[in-house]
Amino acid sequence: MADTDSQLARRLARGEEAAFAELYDTCSGRLLRYLAVRLASADRAADVLQAAMLRAVKSRRRFARVDSPAAYLFQIARNEAARLAKRTARRAEQSLTAEQMLELMDEASDSHEDVEVIVAALARLAAEDRELVQLKIYAGLTFREIGEVTGQPQGTVARDIGGRLIRYGRGW
């Protein structure tokens, strides 16, 4: 006879291996479909499902407070998918930024080392700050235009960009 949700939750909270196998068997197909659509990748979906199960095992005591173990596992998987999406977006943003900067470096750079130093310095900036510097140096926008793009006052843009450029030894 299959466990009720409350019985399964208690077994999961005790860390019973068979209970986790039962939860996996009950939910894995649906979770994989959900995650594959959400992440647009069957491989990433499988990775996230594995991470979610691992997190469920590590936080097993929390199952004692849930009404539906399946719903809780979906919540864990959803959070894991969001973490993966955030990490992937950060990496893509940093990679794309580095590639764009390498392609858009003005030819006034004296050497390849200059390019690497600039790319490394810009990578350390917060995304918003990096965008301001990129809009000024690589897009060639005026402070007024950057203000329009970012929704910031022109004076604030000039102050913020000036501080970053001075800090990284780059004039305009």
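The values are calculated or read from the model by the stated rules, or taken from the named source; none is laboratory data. Predicted model only: the values in this text are computed from it and were never measured. Neighbour counts run over all protein chains shown; Cβ positions are idealised from the backbone, glycine included.
Annotations for the structure displayed:
- Within the range 79-100, the set of residues being surrounded by fewer than 16 Cβ atoms within 10 Å (Cβ to Cβ) and at pLDDT 80 or above comprises ASN79, ALA82, ARG83, ALA85, LYS86, ARG87.
- Consider the range 130-150 and keep the residues that are in a loop (DSSP other than H, G, I, E, B) and of a type outside the set (A, V, I, L, M). The one that is modelled with the highest pLDDT is THR142.
- Looking across the range 151-164 at every residue that is in contact with a helix residue (DSSP H, G or I) (Cβ under 7 Å, 6 or more places away or on another chain) and surrounded by 15 or more Cβ atoms within 10 Å (Cβ to Cβ), the one that is modelled with the lowest pLDDT is identified as ARG164.
- Cβ pairs under 8 Å, 6+ apart, first in the range 38-58 and under 25 Å from ALA9 (Cβ atoms), second buried (at least 20 other Cβ atoms within 10 Å of the Cβ) and of a type in the set (Ser, Thr, Tyr): ALA56/TYR72
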